[in-house]
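Heads up: the structure comes next, in structure tokens.
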Amino acid sequence: MIIVLEKRISDDKLEEVIKRLEDYGFTIHRSTGEERIVLGAIGIQPNFDIRKIRILDGVSAVYRITEPFRLASRDYQKENSLIKIGDLSLGSDEIIIIAGPCAVESEEQIMTIAGIIKNSGAKILRGCAFKPRTSPYSFQGLGEEGLKYLRQAGDEFGLAVITEVMEPAQIDLVAKYTDIFQLGARNMQNFPLLRELGKTSKPVMIKRGMSATIDEWLMSAEYILASGNREVMLCERGIRTFETSTRNTFDISAIPVIHKQSHLPVIADPSHATGIRDKVIPMARAAVAAGADGLMIEVHNDPAKALSDGPQALLPVQFSELMDQVKKIAEVIGRRV
């Protein structure tokens with residue numbers, strides 16, 4: 001930490017601040033300028049609450065210079081994390097495309113869509129069997145029946161599978177069918193669920209909470225990493241702002257920010273970020289250009305009849321066009337799809 005002291009601080013107050021810092025286990029380096037004294041507090045304490053110092057008499061400002069998310073930080077691991085699922089490697093130079101419907105609605109529906117996305121080049125099939133919905137009257141998913149359909153479709157077309165888990169009690173059931181656990185935005189800070197997912201061996205994708213800062217998002221990843229599971233990736237899916245033109249505000253800048261601060265792969269979800277079909281393709285292009293390690297795209301063969309999020313799902317022909325476009329962008333930046 002860097003502690004900036006008030007102008008003309010008394011010697012007694014200065015010694016009290018230094019003593020308090022040493023009591024907390026820090027080594028102190030003192031720098032005296034023309035008007036102020038600045039203290040450097042050295043010590044690895046990622047969970048230390050800097051407010052304990054900020055409230056001391058004579059302290060003007062306190063700045064943290066190390067990240068609270070130790071295991072997720074780039075300082076802890078310089079090279080990018082690679083998450084391997086079969087022949088896939090998330091976090092490599094290949095941009096992995098995850099696609100499929102918002103929810104598994106029937107065996108015929110998920111099999112049809114799996115064939116469509118496979119033919120266009122997607123590698124992972126998405127689809128939720130358990131749906132966290134704002135309204136209790138909305139479609140909540142097919143449960144285990146939906147999981148079986150999803151796994152069947154993945155196996156039929158050679159696709160890995162990702163689906164959402166909503167509570168600790170579902171982990172064992174979902175693990176039987178999925179290759180990747182998806183943690184939804186509403187559960188980003190469900191700490192009991194984070195801890196339990198940390199005890200599993202399957203990859204976990206954490207969607208950013210609707211109002212979460214990047215530090216809060218990374219701290220959620222830290223829960224899983226600290227519990228023993230190092231197979232973690234992040235998903236930017238837009239945040240809630242005052243803007244109403246789109247479903248959420250797509251924070252594309254989060255992608256390079258995360259890559260600088262953390263070694264974890266970053267997936268972009270322009271479907272949930274914009275909520276509007278004609279905005280998905282341009283935002284997907286932008287996310288690839290910004291350095292996303294993968295895209296999560298909603299695709300539906302009949303979105304007008306979709307039971308969940310039809311307005312943001314691409315039609316098959318649109319998804320094919322998107323794949324052609326992102327391949328060209330990836331080539332420009334030295335990556336591949």
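The values are calculated or read from the model by the stated rules, or taken from the named source; none is laboratory data. Every value quoted in this text rests on a predicted model; they were computed, and no experiment measured them. Virtual Cβ from ideal backbone geometry, glycine too; neighbours counted across all protein chains shown.
Surrounded by fewer than 16 Cβ atoms within 10 Å (Cβ to Cβ) and either under 24 Å from residue 47 (Cβ atoms) or within 15 Å of the chain's Cα centre (by Cα) (or both): which single residue out of 262, 245, 227 fits that description?
Details: 262 fails: surrounded by fewer than 16 Cβ atoms within 10 Å (Cβ to Cβ); 245 fails: either under 24 Å from residue 47 (Cβ atoms) or within 15 Å of the chain's Cα centre (by Cα) (or both).
It is 227.
Yes or no: residue 56 surrounded by fewer than 18 Cβ atoms within 10 Å (Cβ to Cβ), touching a helix residue (DSSP H, G or I) at 6+ places or on another chain (Cβ under 6 Å) and either basic (Lys, Arg) or not assigned by TED's automatic domain parsing to the domain that holds residue 299 (or both)? Outline the logic, then answer.
Working: surrounded by fewer than 18 Cβ atoms within 10 Å (Cβ to Cβ): yes; touching a helix residue (DSSP H, G or I) at 6+ places or on another chain (Cβ under 6 Å): yes; either basic (Lys, Arg) or not assigned by TED's automatic domain parsing to the domain that holds residue 299 (or both): yes.
The answer is yes for residue 56.
Taking residue 207 as meeting all but one of (1) modelled with pLDDT of 95 or more; (2) more than 25 Å from residue 254 (Cβ to Cβ), write down the number of the exception.
Checking residue 207 against (1) modelled with pLDDT of 95 or more; (2) more than 25 Å from residue 254 (Cβ to Cβ), the one that fails is (2).
Do the conditions hold for residue 42, that is, is it outside the structural domain of residue 266 (by TED's automatic domain parsing) and not charged (D, E, K, R)?
Working: outside the structural domain of residue 266 (by TED's automatic domain parsing): yes; not charged (D, E, K, R): yes.
Spelling it out, residue 42 is indeed outside the structural domain of residue 266 (by TED's automatic domain parsing) and not charged (D, E, K, R).
Residues checked against (1) in contact (Cβ under 8 Å) with a residue 24 or more places away in the chain; (2) in contact with a Gly (Cβ under 9 Å, 6 or more places away or on another chain); (3) of a type in the set (A, V, I, L, M):
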| site | (1), (2), (3) |
| --- | --- |
| 2 | yes, yes, yes |
| 14 | yes, yes, yes |
| 25 | no, yes, no |
| 63 | yes, no, no |
| 83 | yes, yes, yes |
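Of all residues in region 17-58, which are among the hydrophobic types (A, V, I, L, M, F, W, C), within 23 Å of residue 75 (Cα to Cα) and assigned to a loop (DSSP other than H, G, I, E, B)?
26, 44, 48, 50
Do we find a residue being in contact with a Lys or Arg (Cβ under 7 Å, 6 or more places away or on another chain), under 18 Å from residue 128 (Cα atoms) and among the aliphatic types (A, V, I, L, M) anywhere in region 146-154? Quick ask: steps written out before the conclusion?
Just the residues of region 146-154 that are in contact with a Lys or Arg (Cβ under 7 Å, 6 or more places away or on another chain), to begin with: none.
Scanning region 146-154 turns up no residue that is in contact with a Lys or Arg (Cβ under 7 Å, 6 or more places away or on another chain), under 18 Å from residue 128 (Cα atoms) and among the aliphatic types (A, V, I, L, M).
Out of all the residues in region 89-127, which are more than 22 Å from the chain's Cα centre (by Cα), surrounded by fewer than 20 Cβ atoms within 10 Å (Cβ to Cβ) and charged (D, E, K, R)?
Within region 89-127, 107, 108, 118 meet the criteria.
Picking from 337, 266, which residue would you name as being outside the structural domain of residue 180 (by TED's automatic domain parsing), touching an Asp or Glu at 6+ places or on another chain (Cβ under 9 Å) and closer than 22 Å to residue 91 by Cα?
Working: 266 fails: outside the structural domain of residue 180 (by TED's automatic domain parsing).
After applying the criteria, what remains is 337.
Filter region 195-224 down to residues that are farther than 16 Å from residue 262 by Cβ and aliphatic (A, V, I, L, M) and give me whichever is surrounded by the fewest Cβ atoms within 10 Å (Cβ to Cβ).
At the first step, the residues of region 195-224 found to be farther than 16 Å from residue 262 by Cβ are 195-202, 209-211.
Then drop every residue that is not aliphatic (A, V, I, L, M), which leaves 197, 210.
Working: 197: 26, 210: 15.
Within region 195-224, the match that is surrounded by the fewest Cβ atoms within 10 Å (Cβ to Cβ) is 210.
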